[in-house]
Amino acid sequence: MTIVPSIISEQTNVVHPALPQRPDLKSRSAAFSAPLAAGGIADGTRPSASVARSRGGLLPGAIRRVRQYIETHLDEKVSLQTLASVAGVSMFHFARAFKQSEGVTPHDYLIQCRVRRTMELLAGTDLPISEVAVSAGFSDQSHCVRRFRERVGVCPRVYRGLAR
């Protein structure tokens with residue numbers, strides 16, 4: 001007798017005769033699915049925080065500390081090692097978990113914050129663009145202009161004219 005592998009759909013209840021019968025299997029699966037339905041997955045609502053957090057990413061407290069650190073040290077050189085130590089995890093885990101939590105890499109998030117600070121300074125002060133660039137944490141005016149144009153779509157000088 002030759003056994004031919006076949007695809008069995010979930011609707012069919014085929015049990016191999018050599019395997020022991022498990023009558024409690026359906027009751028176990030129902031017991032495990034009930035908490036998921038209560039958590040909001042089955043009824044279309046948002047899952048609870050514990051379910052969402054189990055998917056990876058940083059804890060909310062760690063994200064808050066990292067964001068705070070970046071905002072207060074924006075005009076300094078911010079390293080991945082420093083951010084990982086603020087979060088209390090390894091560099092490798094931090095980079096993966098930060099991207100999972102925020103949707104962007106730590107470097108992209110830092111550039112976004114610096115561009116946002118540049119926009120604020122351009123709109124609210126009369127500082128030269130070179131000083132705005134250094135105040136926002138960019139290494140020089142050229143770096144600032146390049147990143148600003150990528151993110152905003154216009155150069156800082158044009159943005160300053162439009163913002164006033």
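The values are calculated or read from the model by the stated rules, or taken from the named source; none is laboratory data. Being a predicted model, the structure only gives us computed values, none of them experimental. For neighbour counting, all protein chains shown are included, and Cβ atoms are generated from backbone atoms with ideal geometry for every residue, glycine included.
Contact annotation: residue pairs with Cβ atoms under 6 Å, 6 or more positions apart or on different chains, pairing a residue in the range 102-119 that is closer than 19 Å to Ser79 by Cβ and without any contact (Cβ under 8 Å) to a residue 24 or more places away in the chain with a partner that is surrounded by 15 or more Cβ atoms within 10 Å (Cβ to Cβ) and of a type outside the set (A, V, I, L, M, F, W, C), are Thr105/Lys99. Among the residues making up the range 146-164, those that are over 26 Å from the mean Cα position of the chain (by Cα) and in contact (Cβ under 8 Å) with a residue 12 or more places away in the chain are Pro156, Arg157, Tyr159, Arg160, Ala163, Arg164.
Here the helices (runs of 4 or more DSSP H) wholly within the range 67-164 that include at least 1 residues being modelled with pLDDT of 95 or more and closer than 27 Å to Gly56 by Cα are 80-87, 91-102, 106-124.
Return the residues of the range 120-133 that are surrounded by 16 or more Cβ atoms within 10 Å (Cβ to Cβ) and under 18 Å from His73 (Cα atoms); say none if nothing qualifies. Talk me through it step by step, then tell me what you get.
Just the residues of the range 120-133 that are surrounded by 16 or more Cβ atoms within 10 Å (Cβ to Cβ), to begin with: 121-122, 129, 132-133.
Hits for the range 120-133 are Leu121, Val132, Ala133.
Across the range 71-91, what is the number of residues that are surrounded by 11 or more Cβ atoms within 10 Å (Cβ to Cβ) and in contact (Cβ under 8 Å) with a residue 12 or more places away in the chain? The qualifying residues number 11.
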